[in-house]
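Rule-based calculations on the coordinates, nothing more; no lab input. A quick note: this is a predicted structure, and the numbers were derived from the prediction, not measured. FYI the Cβ positions are ideal-geometry reconstructions off the backbone, even for glycines, and counts take in every protein chain you see.
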Amino acid sequence: MTLPVQTVVGIDVGGVGKGFHAVALRDGVFKTRHSTQSAEIVAWCVDQEAKIIAVDAPSGWSQSGPSREAEKNLRIAGEKIHCFSTPTKDRVHAHTKGFYDWVFNGKKLYQELISHSYPLFDGENRPGPLCFETFPHAIVCAIEGRVVKAKPKTLTRRAVLRKLDYDDSCLPNIDFVDAALCAIAAEKFRHGRVTRFGRQDEGFIVIPAIADFR
């Protein structure tokens, strides 16, 4: 069954100074927005009438140990995809050098999304509106059907967008490129063509299904 055209959004999360880079995807066309304020980004998503929102930031904490189940099990074709490890909440709060500032910024974004009727994906398939966590490098690996080198990031990720016939000329930097990849994951989620990793109490990482690109 062909779904009606709808808008989805991908968001790349940075620290307080860097902020949020968002890309809306509708009918194959990208539209961009940047802000250092989570409330402004979410208001923009609402204005775009976004159905599904994919976010590049941890959606939960490890319940024990230095990383979450989703990060441990993130794989393509049986090969592990290396990614950021999210420790327990207590360990993050004990870290004083600001390394995890972007994670806390992501938490603010998720809270803002939830308060605007975009509940966080809990493992149950539903049509939305909702938000979920994803990871641009893993999206690229899913599209390629194998684990690829993360660098050079800009060249590799732009090449993937062009391979899928997206016009990346409106994406001036890697943050918008990553947000665009997240938007593609959101579009695949809308069609039920994704793979998830993780568990509800730590959060799920969702990426496109490999079979869609073979």
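Sort ARG91, ARG196 so that the residue with the fewest other Cβ atoms within 10 Å of its own Cβ comes first and the one with the most comes last.
ARG91, ARG196
If you filter the stretch 94-181 for chymotrypsin sites (Phe, Trp or Tyr not before Pro), then keep DSSP loop positions with at most 12 other Cβ within 10 Å, what is left?
For chymotrypsin sites (Phe, Trp or Tyr not before Pro) across the stretch 94-181 that sit outside H, G, I, E and B with at most 12 neighbouring Cβ atoms in 10 Å, the list reads PHE99.
Counting only other residues whose beta carbon sits under 15 Å from that of GLY78, what net charge do I get with K and R as +1, D and E as -1?
+2
HN-Hα J couplings of the stretch 182-198 from phi, Karplus 6.51/-1.76/1.60, θ = phi - 60°, integer Hz, Gly and Pro as x?
Couplings: 4, 5, 5, 4, 5, 5, 5, 4, 4, 9, x, 10, 9, 10, 10, 10, x Hz.
Determine which residues of the stretch 161-188 fall in the zone a paramagnetic label at LYS149 would reach in this model, i.e. backbone nitrogen under 19 Å from the point 7 Å along Cα→Cβ.
161
What residues of the stretch 27-60 lie in the reach of a label at THR2, counting those whose backbone N is under 16 Å from a point 7 Å from the Cα along Cα→Cβ?
27-28
Over 25 Å between Cα atoms, which of LYS108/LYS149; LYS18/LYS107; LYS72/LYS149; LYS51/LYS72 qualify?
Among LYS108/LYS149; LYS18/LYS107; LYS72/LYS149; LYS51/LYS72, the Cα-Cα distance tops 25 Å for LYS108/LYS149; LYS51/LYS72.
For semi-axes √(5λ) of the Cα gyration tensor in Å, the choices are [x] 28, 20, 16; [y] 31, 24, 12; [z] 23, 20, 18; which was calculated from the structure?
Computing semi-axes √(5λ) of the Cα gyration tensor in Å and matching it to [x] 28, 20, 16; [y] 31, 24, 12; [z] 23, 20, 18 gives [z].
Could you line up ILE174, ILE207 from fewest to most neighbouring Cβ atoms inside 10 Å?
The most exposed by this proxy come first: ILE174, ILE207.
For the pair ARG75 and ASP212, how long in nm is the line joining their label points, each one 7 Å along Cα→Cβ?
Roughly 2.2 nm, to one decimal.
What does the extension gain come out to for HIS82 and GLU49, with contour length at 0.36 nm per residue minus their alpha carbon separation?
Net length gain for the segment: 8.5 nm.
If each of ILE114 and ASP90 carries a label point 7 Å out from its Cα toward its Cβ, how far apart are those two points in nm?
2.1 nm
Across the stretch 39-45, in residue order, what do the Karplus-derived ³J(HN,Hα) couplings come to in whole Hz, using 6.51 cos²θ - 1.76 cosθ + 1.60 with θ = phi - 60° and x for Gly and Pro?
Per residue, the Karplus-derived 3J(HN,Hα) values read 5, 5, 5, 5, 4, 5, 4 Hz.
Scan around THR195 for amide H atoms under 5 Å from its own, H built in the peptide plane at 1.01 Å from N, and keep only partners 5 or more places away or cross-chain.
ILE207, ALA209
Please work out the FRET efficiency for the pair LEU164 and ASN125, using the Cβ-Cβ distance as r and a Förster radius of 41 Å; give the result to the nearest 0.05.
About 0.95, to the nearest 0.05.
Report relative contact order for the chain in percent, whole number only (criteria: Cα-Cα under 8 Å, sequence separation at least 6).
30 percent
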